[in-house]
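Notes for the one structure printed next.
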Amino acid sequence: MSSPRSLASLMAVNEDLWGRFDQVWNSFTPAQWSRKYGKDWTFADQPYHMASFDRVMGAEVIAKGSDVPKQERWLLRSGSDINAWNAKEFAKRPASTTPQQALADYRATHDALRKAVAGLADADLDKKAWMPLVFG
C-alpha cells in the first residue's frame, strides 16, 4: 500500500473525486444543468470552472515547477482577485458551450494532470513550484 504522501495515493484521491463528480453530472437533466449554483452561476458553469482551475492551478503549475520568470508571475491575493480571474476565464468560454462540452474539457484537464505527474517521483512532492494563488 502506498504512503499517504505518494503520487499514487494523491492521484487515487483525484481519480475518486473526479469519478464522484462524473456520477453526479452524468445524472443531470437539462433542467438541472440550468439550476442556480450559488449567487451568480448555474450548475453548467461548474465543470468549466473546475477545468480552468485544474489547468491553471494544477497541470500548468506542475509543468512549470518553480521555473517561472518574475515578470510572468501573477497572484490572486483576495476574493476580488479570484472573482476577477473567474470572470476573465468565463469570458473565454463561447456562449454556445454546452454542459457536455464543458465536461469534455474538464475530463481533458484530468488527462493533462495525469500527463504532468507521469514523469514525477514521490520525492518531487517536496519540490517548490510557483502557483498564482494567494502567496505564490
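The values are calculated or read from the model by the stated rules, or taken from the named source; none is laboratory data. Keep in mind that what you see is a predicted model, and the values were worked out from it rather than measured. Positions of Cβ are generated from backbone atoms using ideal geometry, with glycine treated the same way; all protein chains shown enter the neighbour counts.
A Cβ distance below 6 Å, combined with a sequence gap of six or more or placement on separate chains, defines the contacts here; from the range 45-71, residues that are at negative phi reach residues that are part of a loop (DSSP other than H, G, I, E, B) and at pLDDT 90 or above in the pairs 48/93. Those residues that are of a type outside the set (A, V, I, L, M, F, W, C) and surrounded by 15 or more Cβ atoms within 10 Å (Cβ to Cβ), I need them from the range 37-63; list them, please. Matches in the range 37-63: 45, 46, 47, 48, 49, 52, 54, 55, 58, 60.
When the residues of the range 109-125 are filtered to those that are surrounded by 14 or more Cβ atoms within 10 Å (Cβ to Cβ) and closer than 16 Å to residue 53 by Cα, the one that is modelled with the lowest pLDDT is 116.
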